[in-house]
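Trainee: Let me begin by handing over the structure; questions about it come next.
The values are calculated or read from the model by the stated rules, or taken from the named source; none is laboratory data. Predicted model only: the values in this text are computed from it and were never measured. Cβ coordinates were reconstructed from backbone atoms using ideal geometry, including for glycine residues, and neighbour counts include every protein chain displayed. The area values use the complete protein model at the heavy-atom level, side chains included, leaving out ligands, DNA and RNA. Shrake-Rupley method; radii C 1.70, N 1.55, O 1.52, S 1.80 Å.
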Amino acid sequence: MPDQTATPPIGRPREERADRAILAATRELMAEVGVRDLRMDDVAARAGVGKATIYRRHRSKDELIATAVAALVSEITVPETGSTRADLLALMRAAVDVYSGSVEAGVMPSLIDAMHRDAELARLVREGFLAGRRAALSAVLERGVERGDLRADLDLDLALDVLGGPLFYRLLITGGPIDERLAEGVVELILRGFAPTPITSHEHQKRRPR
């Protein structure tokens with residue numbers, strides 16, 4: 001008969017705690033010292049793990065950095081409120097919540113500089129962090145087209161750039177506030193700028209069956 005008092009295995013939760021600690025330490029150090037001066041020894045020390053533990057999960061410094069940044073959007077969900085405006089606001093508010101944090105905001109300037117210098121790092125970040133965020137926004141925009149809230153010939157890439165551009169411009173260039181007002185303003189810009197083209201009375205006459 002099995003021992004009912006035996007302690008259940010705790011390997012997996014411990015592994016997950018180590019994963020979270022490594023990624024959090026990586027982001028903190030990126031914000032403090034920059035990508036170029038980030039050292040695996042320092043990540044291991046801050047996370048409270050051995051360096052071998054990091055290398056079992058991440059084959060290189062570039063891979064570690066890309067994973068740490070991608071984790072910022074790893075749990076992003078596509079909202080389904082029934083309203084294009086509300087869906088876009090939910091995603092923009094989530095972005096504001098992330099980038100109003102001092103660590104997350106501090107990560108980006110150094111990361112962008114490193115991506116210009118390191119093509120492999122740039123590829124990994126685009127495939128992880130950027131692809132995840134753009135996929136969620138794309139789903140909401142495409143539903144907006146289906147509902148008739150956005151124009152049928154929507155330039156999806158341009159709309160995605162418009163959604164992300166103001167936030168990163170403030171984060172990297174002006175230092176302006178990343179807040180609720182920004183989220184609402186960007187959503188309004190999308191809904192007005194990419195609204196369906198109204199049918200003129202002349203076109204309506206042409207389309208009306210005779």
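Trainee: Take the stretch 120-179 and flag every residue that is charged (D, E, K, R) and open to solvent by less than 40 Å² (accessible area, probe 1.4 Å).
Mentor: Result: Arg133, single match.
Trainee: Also: Any residue that is under 31 Å from the mean Cα position of the chain (by Cα) and at pLDDT 90 or above - is there at least one of those in the stretch 195-202?
Mentor: Among the residues of the stretch 195-202, at least one is under 31 Å from the mean Cα position of the chain (by Cα) and at pLDDT 90 or above, which makes the answer yes.
Trainee: Something else: With the requirement that a residue be without any contact (Cβ under 8 Å) to a residue 60 or more places away in the chain and part of a helix (DSSP H, G or I), what does the stretch 165-189 give you?
Mentor: Residues of the stretch 165-189 that are without any contact (Cβ under 8 Å) to a residue 60 or more places away in the chain, as a first pass: 165-166, 169-170, 173-177, 181, 185, 188-189.
Scanning the stretch 165-189 gives Gly165, Pro166, Tyr169, Arg170, Ile173, Thr174, Arg181, Gly185, Glu188, Leu189.
Trainee: Also: Find all pairs meeting these conditions: Cβ atoms under 7 angstrom apart; at least six residues apart or on different chains; first residue within the stretch 143-159 and closer than 15 Å to Thr81 by Cβ and assigned to a helix (DSSP H, G or I); second residue at pLDDT 95 or above and of a type in the set (Ser, Thr, Tyr).
Mentor: Arg143/Thr84; Gly144/Thr84; Arg147/Thr84
Trainee: Does Val43 satisfy the condition of being within 30 Å of Gly144 (Cβ to Cβ), in contact with a helix residue (DSSP H, G or I) (Cβ under 8 Å, 6 or more places away or on another chain), open to solvent by less than 40 Å² (accessible area, probe 1.4 Å) and modelled with pLDDT of 85 or more? Can you show your working first?
Mentor: Numbers: within 30 Å of Gly144 (Cβ to Cβ): no; in contact with a helix residue (DSSP H, G or I) (Cβ under 8 Å, 6 or more places away or on another chain): yes; open to solvent by less than 40 Å² (accessible area, probe 1.4 Å): yes; modelled with pLDDT of 85 or more: yes.
No, not satisfied.
Trainee: Also, I was wondering about something else. Can you confirm whether the stretch 56-77 contains a residue that is open to solvent by 80 Å² or more (accessible area, probe 1.4 Å), more than 22 Å from the chain's Cα centre (by Cα) and at pLDDT 90 or above?
Mentor: Yes, the stretch 56-77 contains a residue that is open to solvent by 80 Å² or more (accessible area, probe 1.4 Å), more than 22 Å from the chain's Cα centre (by Cα) and at pLDDT 90 or above.
Trainee: Only residues that are in a loop (DSSP other than H, G, I, E, B) and modelled with pLDDT of 90 or more: list them for the stretch 1-35, please.
Mentor: Gly34, Val35
Trainee: Based on this model, can you work out whether Thr53 counts as modelled with pLDDT of 90 or more and either touching a Lys or Arg at 6+ places or on another chain (Cβ under 7 Å) or surrounded by 16 or more Cβ atoms within 10 Å (Cβ to Cβ) (or both)?
Mentor: On the way: modelled with pLDDT of 90 or more: yes; either touching a Lys or Arg at 6+ places or on another chain (Cβ under 7 Å) or surrounded by 16 or more Cβ atoms within 10 Å (Cβ to Cβ) (or both): yes.
Here the answer is yes, as Thr53 does meet what is asked.
Trainee: Is it fair to say Pro109 is in contact with a helix residue (DSSP H, G or I) (Cβ under 8 Å, 6 or more places away or on another chain) and either modelled with pLDDT of 95 or more or not in a helix (DSSP H, G or I) (or both)?
Mentor: Criteria not met by Pro109.
Trainee: Among the residues of the stretch 80-102 satisfying the criterion of being on the phi < 0 side of the Ramachandran plot and in a loop (DSSP other than H, G, I, E, B), which is least open to solvent (accessible area, probe 1.4 Å)? Reasoning before the result, please.
Mentor: Here is the first cut: in the stretch 80-102, the residues on the phi < 0 side of the Ramachandran plot are 80-81, 83-102.
Add one more test, that the residue is in a loop (DSSP other than H, G, I, E, B), and what stays is 80-81, 83, 100-101.
Values: Glu80: 151, Thr81: 82, Ser83: 44, Ser100: 72, Gly101: 20 Å².
Restricting to residues being on the phi < 0 side of the Ramachandran plot and in a loop (DSSP other than H, G, I, E, B), the top hit is Gly101.
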